[in-house]
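Contents: one structure, followed by commentary.
What follows draws every value from the coordinates through simple rules; no lab data is involved. Here the structure is a predicted model, which means the values were calculated and not measured. Neighbour counts run over all protein chains shown; Cβ positions are idealised from the backbone, glycine included.
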Amino acid sequence: MDRWQAIERARKALKLPKQVTRSQIRDAYRERCRQLHPDVNDGTDTAEEMNLVNASYTLLMDYADEYTLLLEPNESGMTDEEWWMHKFGQDPVWHTSEEE
């Protein structure tokens, strides 16, 4: 199974829409854990499904971490120009005191 298929399977396991935030992933994970808890499912073995939910959560959160944009300039030593390019993907118009 390739990565995109694994992500799609994970999304379906947590019953998530195609576009979600990290907090939505976390909330869906917690809800699925409550649904699969042994106290709720008397006599039903939910261990395999719970393993899938745990793996899905880990995969989706790792994937989300790869695409988190820096919110402020100079985090991780980025210059203002590098931050702008990272966030917006285009050159900003920069004015320095020398140009004025």
**Asked** Across segment 55-65, in residue order, what do the Karplus-derived ³J(HN,Hα) couplings come to in whole Hz, using 6.51 cos²θ - 1.76 cosθ + 1.60 with θ = phi - 60° and x for Gly and Pro?
**Response** 5, 5, 4, 4, 4, 5, 5, 4, 5, 4, 4
**Prompt:** Could you put ARG11, ARG22 in order, starting from the residue whose Cβ has the fewest other Cβ atoms within 10 Å?
**Reply:** ARG22, ARG11
